[in-house]
Amino acid sequence: MNDSLSPLEIARAMVDLGAAKAAHRVPDLLIRGMLSGALLAFATSLALQGALQTNVALVGALIFPVGFAIIIILGLELLTGNFGLVPLAVLAHRTTVGRMLANWFWVFVGNMLGSLAFAGLFYVVLTDVGNVGAGPLGDHLRALAEAKTIAYEPYGYDGLVTGFVKAMLCNWMVCIGVVMGTSSKSVVGRIVGCWLPIFAFFALGFEHSVVNMFVIPMGMMLGAKISFADWWYWNQIPVTLGNIAGGFLFTGLPLYWTYLRGGAESMPAPAARMSFGPAE
């Protein structure tokens with residue numbers, strides 16, 4: 001039995017998902033956002049550990065999508081995916097710009113809280129509450145946090161542009177992962193579909209704003225020579241903006257334009273179409 005959806009059905013599902021996300025209550029956005037931030041932090045830690053143990057970076061990239069797949073299946077809230085989906089509901093007149101911005105804000109807060117909570121707990125595990133060194137994984141996290149922030153500083157404006165473009169390319173693939181996660185009616189099909197583009201972005205070392213909500217503070221806890229200003233100026237702000245641009249301009253808008261342009265208002269009622277709920 002063919003469980004895959006057509007491209008038109010996928011595009012319609014994207015609009016439905018965006019509208020559903022914009023309608024969520026703030027407590028739900030925070031809870032689902034916190035879970036997503038923690039799950040990506042789990043997956044990032046596991047991926048880095050796998051790469052270190054095997055000395056093969058691609059092993060980490062193969063492992064990392066486990067967190068994203070869980071987020072897809074559980075219908076949680078991930079900021080980067082929402083950058084590609086919720087604007088489509090605005091274009092289809094299914095929500096407002098104000099609701100879209102509110103969704104982005106509260107999911108950002110939730111993702112940040114979940115990422116920081118996991119970082120604090122992981123610090124306890126790696127260092128026995130600060131009594132021992134964090135080992136090779138700790139060294140790698142410190143180096144990675146510095147590579148994502150102060151390594152851009154010597155290049156000034158060009159460094160900011162580099163981080164922004166890496167973030168655009170990252171969320172191109174992340175939002176394709178969201179799209180592929182709606183391409184099947186089966187759990188296995190959705191997991192396999194989303195795995196491929198997420199593997200690609202992680203393997204290429206692009207910048208993901210939610211992953212960085214864990215990696216950079218974790219590196220700081222472990223002694224990376226990074227200030228709060230370094231984190232936000234050289235990474236969190238330009239990367240978040242780049243993720244917005246990449247998710248919407250490279251994935252959401254092109255698919256909406258080619259499949260639904262001029263016909264969104266006449267689509268069947270949401271209840272009559274395939275629905276995956278509020279999956280990320």
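For K225, a cut-off of 17 angstrom between C-alpha atoms picks up these aspartates and glutamates, skipping any fewer than 8 places away in its own chain: D139, E146, E153.
How high is the relative contact order of the chain, given as a whole-number percent (alpha carbon pairs under 8 Å, six or more residues apart)? Walk me through the intermediate numbers first.
Numbers: 476 pairs, mean separation 90.1, N = 280.
About 32 percent, as a whole number.
Rolling a 1.4 Å probe over the protein heavy atoms gives the chain an accessible area of 43 Å² per residue. Normalised by 2.2 N^0.38 Å, where N counts its residues, the alpha-carbon radius of gyration of the range 128-168 equals 1.57.
Packing here is the average count of other Cβ atoms within 10 Å per residue, and on that basis the peptides 178-190, 69-81, highest first, run 69-81, 178-190.
A dipole drawn for the chain from +1 and -1 charges on Cβ atoms has a positive end, and of A57, G135, L76 the residue lying farthest that way is L76. The overall shape of the range 98-150 is oblate: from the C-alpha gyration tensor, with semi-axes ordered a ≥ b ≥ c, the ratio a/c is 1.5 or greater and a/b is no larger than b/c.
Residues whose amide H lies under 5 Å from that of S184, counting only those 5 or more places away or on a different chain, are L5; hydrogens are built 1.01 Å from N in the peptide plane. Evaluating 6.51 cos²θ - 1.76 cosθ + 1.60 at θ = phi - 60° for every residue in the range 25-39, the Karplus couplings come out as 6, 4, x, 5, 4, 5, 5, 5, x, 5, 4, 5, x, 5, 5 Hz, glycine and proline recorded as x.
Helical runs (DSSP H, four residues minimum) scored at -39500 (n - 2.57) apiece and divided by the length of the chain put the mean residue ellipticity at 222 nm at -23000 deg cm²/dmol. Each semi-axis of the equivalent ellipsoid for the range 182-228 is √(5λ) with λ an eigenvalue of the Cα gyration tensor; in descending order they amount to 32, 11, 8 Å.
Here the contact order of the range 1-152, divided by its residue count and restricted to Cα pairs under 8 Å and six or more residues apart, works out to 33 percent. Only the Cβ atoms of Lys and Arg (+1) and of Asp and Glu (-1) were treated as charged; on that basis the dipole of the chain about its Cα centre amounts to roughly 560 debye. Dividing the alpha-carbon radius of gyration of the chain by the rule-of-thumb value 2.2 N^0.38 Å gives 0.99. Counting only protein heavy atoms and a probe of 1.4 Å, the accessible surface of the range 41-93 is 72% carbon and sulfur.
Kirkwood hydrodynamic radius computed over the range 59-162 comes to 17.0 Å, based on all pairs of distinct alpha carbons.
Remark on the range 1-85: hydrodynamic radius 14.6 angstrom, per the Kirkwood mean of 1/r across alpha carbon pairs.
Assuming a ≥ b ≥ c are the square roots of the Cα gyration tensor eigenvalues, decide whether the range 111-220 counts as rounded (a/c under 1.5), prolate (otherwise, with a/b larger than b/c) or oblate. Oblate is the answer for the range 111-220, as a/c is 1.5 or above yet b/c matches or exceeds a/b.
The values are calculated or read from the model by the stated rules, or taken from the named source; none is laboratory data. Predicted model, so just to flag it, every value in this text is computed and none were measured. With ideal geometry, Cβ positions are generated from the backbone for all residues, glycine too; neighbour counts draw on all protein chains shown. When the accessible area is computed, the model is the full protein with side chains, heavy atoms only, and any ligands, DNA or RNA have been set aside. Shrake-Rupley method; radii C 1.70, N 1.55, O 1.52, S 1.80 Å.
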